């Protein structure tokens, strides 16, 4: 027998935004992360600042690992009444790719090559 999913409103979630009672809304799901606050690598205050509201953007901007995302399941308490306002999560890498494709990668590869070529030209000119 499966347990019915609890639907949680923003008004309800917003009552839980302290270090003693901390709920997060991420991708349309609500998590009670109160017991995790002391373990969070970035400190509890950053989590508390994102609590009581839809913290999806805050969560995605940090670039959490797959492991961190999987850990959320341990803290799941219900579905957010407003649903997932961010259905396609855009990480910094995805946003960068949208703006200019792989321009950052090209620059990262070409800059060292250019430096080596300039150094070779300078050495040849001295001889």
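The values are calculated or read from the model by the stated rules, or taken from the named source; none is laboratory data. Note that the structure is predicted; figures quoted are calculated from it, not measured. Glycine also receives a Cβ, built like all others from the backbone with ideal geometry; neighbour counts cover every protein chain displayed.
A few notes on this one:
- For residue 17, the conditions (1) surrounded by fewer than 12 Cβ atoms within 10 Å (Cβ to Cβ); (2) more than 18 Å from the chain's Cα centre (by Cα) all hold with the exception of (1).
- Within the range 84-127, if we keep just the residues that are exposed (fewer than 10 other Cβ atoms within 10 Å of the Cβ) and under 30 Å from residue 28 (Cβ atoms), the residue that is modelled with the lowest pLDDT turns out to be 98.
- Number of the condition not met by residue 24 [criteria: (1) out of contact with any strand residue (DSSP E or B) (no Cβ under 8 Å at 6 or more places or on another chain); (2) closer than 14 Å to residue 75 by Cα; (3) not in a helix (DSSP H, G or I)]: (1)
- Criterion (surrounded by fewer than 16 Cβ atoms within 10 Å (Cβ to Cβ) and either under 15 Å from residue 78 (Cβ atoms) or modelled with pLDDT under 90 (or both)) met by exactly one of 6, 29: 6
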